[in-house]
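Read through the structure below, which is laid out as structure tokens, and then see the notes.
The values are calculated or read from the model by the stated rules, or taken from the named source; none is laboratory data. Not measured: the values here are computed from a predicted model. With ideal geometry, Cβ positions are generated from the backbone for all residues, glycine too; neighbour counts draw on all protein chains shown. Remember, those area values only see protein heavy atoms, side chains included, never the ligands or the DNA or RNA. Shrake-Rupley method; radii C 1.70, N 1.55, O 1.52, S 1.80 Å.
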Amino acid sequence: MRLILLALLVLTFPTHAEDDLSAKAWLKNMSQAMHDKQYKTSIIQLQADHIRPLVYIHGIVDNKEVALLEYLNGPPKNAVRVGNTVTFIEHDQPAYSVIAPRIQGIWPAALAGDLSQLEKGYQFVIGGRGRIAGRPGQMIRLLANDDNRYDAQVWIDMDTYLPLRFDSLNKEKQLLEQTMVIELIELTEPANILIEAAKQEWPAVMNQAERTDGKNWQFTWLPEGFDVVVRDHHRLIGIHEPVEYVALTDGLANISVYVARAGENPMPNELLIRNGLSMVVVKVGTLEVVAIGKVPSETLDKIANSLVLK
């Protein structure tokens, strides 16, 4: 009986050349597979008591990456990517397109991106193996280099190198958010829906808002690995108050910073919202700086206080 159990374990977790791969090599293979492979995945995202089911399909059509993301709950909502153009289709507003290298909202950008940027903030460590969606997966730990961000871990399919599960953990190692594949089907050719998507005439790409009234806000301190990826200046709907918006990311964690004239009713200095999403409010003269992100509130406070006008 013991020999039979050992044989079953070997069948479930086969020994291949992958056993000699470093954590970084696993991540590199995953990043490449997310661009090159043709596949369909059914996914669930868990946030506290909220569950979001998704379907994501990816393929190569005429040497271009084409992908479709469909939200299965709530009002109809899809996103289609053809090359570097992403089009959003929702039931209550006209479809619109933006320039983007990926569809956001599934896996963190860094999993399919440049690992050198991610290395500035995290160490890559080989973990154990587990079975997810009926497939053996290798877990890689992404351990924060400092206290300015949280740890994460990703399971990589040992056959296709595609991601099977991603967890974000707080300092107490409690689960903040999880994205997990419940079915993965590798395709030998692009799905028909992707072929049709590549033929469609999608809406023209939206022009980026001109920041003629924007201010040149800069940060005197950012955690290692965090970069500014978006700057925007617009007016809030309804009250028409001008707001400066700056988006930061280290590839895994995203931070949003808003600068506006302080309101009559001051906001509390700190709020902790569920799922590990922190918010910090800092008063700078007559302005209010609001920083939001899934990082420790101390990090947001230091970032908000480092904001200066140049």
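Give the calculated FRET efficiency between GLN93 and ASP20 to the nearest 0.05, with a Förster radius of 41 Å applied to their Cβ-Cβ distance. Working from the Cβ atoms, E equals 0.20. Averaging the sequence gap over all C-alpha pairs within less than 8 Å and six or more residues apart, then dividing by the number of residues, gives segment 132-228 a relative contact order of 17 percent.
For a straight C-alpha distance cut-off of 17 angstrom, the lysines reachable from LYS199 (same-chain residues fewer than eight places away being disregarded) are LYS64.
What shape does segment 140-219 have by the C-alpha gyration tensor, where a ≥ b ≥ c are the square roots of the eigenvalues, rounded means a/c under 1.5, and otherwise prolate means a/b greater than b/c and oblate the rest? Spell out each step's value before the answer.
Numbers: a/c = 3.29, a/b = 1.03, b/c = 3.21.
Cα axes put segment 140-219 in the oblate bin.
Taking the protein heavy atoms of segment 38-186 in the context of the full set of protein chains, the accessible area attributed to carbon and sulfur is 48 percent at 1.4 Å. For the pair ARG52 and SER297, label points projected 7 Å from Cα toward Cβ lie 2.4 nm apart. Among 192-199, 160-167, 66-73, sorting by the average number of other beta carbon atoms lying within 10 angstrom of each residue, highest first, gives 160-167, 66-73, 192-199. Quick one: of LYS120/LYS171; LYS24/LYS294; LYS40/LYS77, which pairs are farther than 29 Å apart, Cα to Cα? With Cα atoms farther than 29 Å apart: none of LYS120/LYS171; LYS24/LYS294; LYS40/LYS77.
The residues of segment 78-201 expose, per residue, 47 Å² of accessible area to a 1.4 Å probe. Of all aspartates and glutamates in the structure, those lying under 20 Å Cα to Cα from LYS37, and not within fewer than 8 positions of it along the same chain, are GLU18, ASP62, GLU65, GLU70, ASP114, ASP157, ASP159, GLU183, GLU186, GLU189, GLU196.
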